[in-house]
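Taken together, the values in this text are just the output of simple stated rules run on the coordinates, not laboratory data. Just so we're clear, the structure is a prediction, and the values are computed from it rather than from any experiment. Quick reminder, even Gly has a Cβ in these numbers, built from the backbone with ideal geometry, and neighbours come from all protein chains shown.
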Amino acid sequence: MTRNGRPRKTNGSLYQRGDSARWWMRYRDNEGRIIKESTGTDDREEADRALRERLAARDEGTLSGLLFGKSLTFDEWADWFLENRSRPPIRAEKTHQANLEVLKQIRPVFGKLALSEITSELIEEYLAKRLRSRRTIKSKLSRYEEGTLKPSTVHREYRVLNRILNVAVQKRRIVANPCQGADFPVRLAGSTRKPHYLTATEQERIEFLAPRYLRNVVVIMVEMGLRPYRELLPMRKQQVDLPNRFVHLPDSKTPNGIADMPMTERAHEAFADQIGESEGSEYLFPSSDPTSVKPHLRNIRRGWDTTLRRAGIEHFSLYELRHTFATRLSAGGVADHFVTQLLRQGDSAVFKRYSQAKLKMMREALNKLDRGAAEHAGTSVTV
């Protein structure tokens, strides 16, 4: 109650200061003290959402943690993110290393700022500056600059920053993610290469020229869509059930990746062949290097590069064979949501990236149009 007996307003309010377009919010905390802070946006709906989140945090007893974000610096939050959301087993070691590399660029700009001080304008200024930056080339003897950064490189930095700030929103350290209000300065269309779809002819050439173990890797990946470096190469033979025609995947990139995956006939043949090829080892793809840290193959990029070169096929990543797997399923009439399950992805939106090559298959089909079909003798046309 106020001094004159009227009940206090506990729902808060929004207002603008002077000539500023930004919305501010005014509300009371759990002890009745008035809190005034910027919502960080000039959009009324977003500002209203920020106020509702503050009031919900107050009612849930988590407001103090949210307000702590006002003094929490980006450097401090990035350290927390790396420790709790980036390191294995939460994420793959390769992903963690990529996050560390990106933060080398982000920290000097945002590191000393409080999370609440990072705005969409600052993020857009950072992106624009990075797109004008030159690439640094390092060699054993020198270090020099050449050309400008690719938009895809800068966009990778944007994605990592967006992820870090999204987690801050989830943990109620900030009201909203400023990345959502920042537009990427350039279009990425044409700056990133589309996934390669492996045609049947290309696959035949690769299988003919590849070493035996690599031939089995290719067949298993295009038939089952397994991840090469996280699921297939570290696989133990005890995970392979040939009589029942499935493999058990106890570890994967995502929780959805942990599953029992059935085999096709060709995958069954490849697994059986590889078990015979790796006789004497508990691993399906044992390493022949006595100095190797792991007892199984860890990197087959050299063999893959050599095979593609001998087959006369433009280089593409081995991982993109998962795109071929998804595309062939989709082209065969399998529903998109079921393809997502076979890919063992948590987000159905990811499927769109894996099925992009279907457009190429459609073009290949259109190229087979017989435009003189109606003129052929004895030809009938039905619609």
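What residues qualify as long-range amide H neighbours of Phe246, i.e. H under 5 Å apart, gap of 5 or more or another chain, H built at 1.01 Å from N?
Asp241, Met263
So what J values fall out for the range 11-23 if you push phi through Karplus, 6.51 cos²θ - 1.76 cosθ + 1.60 with θ = phi - 60°, rounded to Hz, Gly and Pro as x?
Going residue by residue, I get 8, x, 7, 10, 7, 10, 9, x, 8, 6, 7, 5, 8 Hz, with x marking Gly and Pro.
Which whole-Hz couplings ³J(HN,Hα) result when phi for each residue of the range 104-110 is put into the Karplus expression 6.51 cos²θ - 1.76 cosθ + 1.60, θ = phi - 60°, listed in order with x for Gly and Pro?
4, 8, 7, 4, x, 8, 10
Of Lys150/Lys253; Lys129/Lys150; Lys104/Lys129; Lys94/Lys253; Lys237/Lys294, which sit over 18 Å apart, Cα to Cα?
Lys150/Lys253
Count charges around Met221 for me, please; just the other residues with Cβ under 13 Å from its Cβ, Lys/Arg as +1, Asp/Glu as -1. List each step's numbers first, then the result.
Working: positive: Arg215, Arg227, Arg230, Arg266, Arg322, Arg328; negative: Glu207, Glu223, Glu231, Glu320.
Here the count lands on +2.
Excluding Thr153 itself, calculate the net charge of residues whose Cβ lies under 9 Å from the Cβ of Thr153, where each Lys or Arg counts +1 and each Asp or Glu counts -1. List each step's numbers first, then the result.
Details: positive: Arg130, Arg135, Lys150, Arg156; negative: Glu157.
Every neighbour counted, the sum reads +3.
Give me, ordered by chain and number, the residues 5 or more places off Thr148 or on other chains with an amide H under 5 Å from its own placed amide H.
Counting only residues 5 or more places away or on other chains, the set is Arg135.
Taking 8 Å as the Cα distance limit and 6 or more residues as the minimum spacing, I'd like the relative contact order of the range 74-181 as a percentage. Walk me through the intermediate numbers first.
Values: 90 pairs, mean separation 28.4, N = 108.
Once normalised by length, the contact order is 26 percent.
Which of the peptides 225-235, 263-273 is most tightly packed, and how do the rest follow, going by the mean number of other Cβ atoms within 10 Å of each residue? Walk me through the numbers before you get to the answer.
Values: 225-235: 20.8, 263-273: 16.9.
Descending mean neighbour count gives 225-235, 263-273.
Name the long-range amide H neighbours of Ala259: under 5 Å, sequence gap of 5 or more, or other chain; modelled H, no Pro or chain starts.
Leu249
Restricting to Cα pairs below 8 Å that are 6+ residues apart, what does the relative contact order work out to for the range 200-366? Please round to a whole percent. Each step should come with its number before you reach the end.
Numbers: 209 pairs, mean separation 42.5, N = 167.
It comes to 25 percent, rounded to a whole number.
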